[in-house]
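The values are calculated or read from the model by the stated rules, or taken from the named source; none is laboratory data. Not measured: the values here are computed from a predicted model. Every residue, glycine among them, receives a Cβ derived from its backbone with ideal geometry; neighbour counts consider all protein chains shown.
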Amino acid sequence: MSTAATAGRRKVGPSIEDVARLAGVSAQTVSRVSTGSQRVRPNTRNRVLTAMDQLGYSPNQAARALRSGTFGALGLLAYRFERTGEALTTQGVVAAAEAEGYSVTLVNVANPASTGWRSAAARLSDQAVDGLIIIRAETETPETLALPAGLPVAVSDSRLVGYYPAVVADQIQGSIDAVGHLLELGHRTVHHIAGPSNSDPGNLRRAAWQRRLEEAGIVPPEPLVGDWTAASGYAAGQRLAADPAVTAVYCANDEMALGLLRALYEAGRKVPDEVSIVGFDGIALGEFVYPPLTTVAQDYAEIGRTLVKMLLEQVRAQSRVPQERVMIPTELIVRGTTAPPPS
């Protein structure tokens, strides 16, 4: 027999039978673990996973899809994963997907223009995923974002809400709570550092701030527009700090609030004795700055769980309800940056 023929029949890498033998289980059990089945006891699953690691075994995804009808992977599409909202939502999605036995494939949008989203959607067609989660496709519409036909989709805080099943945070009530808290403390008005004008969540928070002031008979002051970064909050804060009439500021996110906090400190304006601040998002850092930041917290873990649940329901039922929309409540967390205005 020729060497070439022998090499042609040579086994490449460990097999499912090798894993089963090392773990002391059946090949069927190894297959169940590979496909993410829940019908395996935890200690048995751990033995199989340990054996896979020891042998360097990686289940063939194509074969897995043929056996189970799924790849066991979800796609996550977003622009700028490093931004706070995207990062925390991604963390929630990944944790929820792992709990269901699914991995997550991140597909980054290179630029926010329609061509960037279309390019990312085109790359997605080459990925072995069972469904797609889209975070804040704020400039896209169903007409401009071409996705593979029949692909299950769930979206969060984007203009695709209403076309695809969606999970949204209660931006409006959260903003009303923030402004109401400051008014109840006795502030005569509330200034606003807004998110960018092309952001739907930013526009919702700005509109709710304006409405709450108007309902109290207050003409809203001109908002200052930031770009979600602490640097933009700092720049806006330098202008606000120079106005002694400013006693309360609602920031559209926590990072801009932190920039404002530094600007006020550098200008000698005391927080909260002279100026009160409320942020939005509830990032962990806000609890450990000084004074600790009063904020409207979003439940990113629940947003992630709901997105994954909504998507997997479509994957398993092979259908979707486009109008389905789940609203996740926000929570006002009062800390050290708010107090009654100075006498």
Would you check which residues across the stretch 244-267 are in a loop (DSSP other than H, G, I, E, B), over 30 Å from the mean Cα position of the chain (by Cα) and of a type outside the set (V, I, T) and list them?
P244, A245, A267
Report, by residue number, each residue of the stretch 272-290 that is farther than 20 Å from D177 by Cα and over 24 Å from the mean Cα position of the chain (by Cα).
D273, E274, Y290
Selection within the stretch 1-44 - part of a loop (DSSP other than H, G, I, E, B) and at pLDDT 65 or above
P14, S15, G24, V25, S26, R39, V40, R41
Quick check: anything in the stretch 315-325 assigned to a strand (DSSP E or B) and in contact (Cβ under 8 Å) with a residue 12 or more places away in the chain?
yes
Filter result for R211 (over 24 Å from the mean Cα position of the chain (by Cα) and at pLDDT 95 or above)
yes
So the check is Cβ under 9 Å with 6+ separation or different chains; which pairs have a first residue in the stretch 40-54 that's within 11 Å of T29 (Cβ to Cβ) and a second one that's modelled with pLDDT of 85 or more and of a type in the set (S, T, N, Q)?
V40/T29; T44/T29; R45/T29; V48/T29
For R269, indicate whether it is assigned by TED's automatic domain parsing to the domain that holds V155 and in contact with a helix residue (DSSP H, G or I) (Cβ under 8 Å, 6 or more places away or on another chain).
no
Name, by its number, the condition in (1) in the same structural domain as G195 (by TED's automatic domain parsing); (2) crowded, with 23+ Cβ neighbours inside 10 Å; (3) not aliphatic (A, V, I, L, M) that does not hold for P292.
(2)
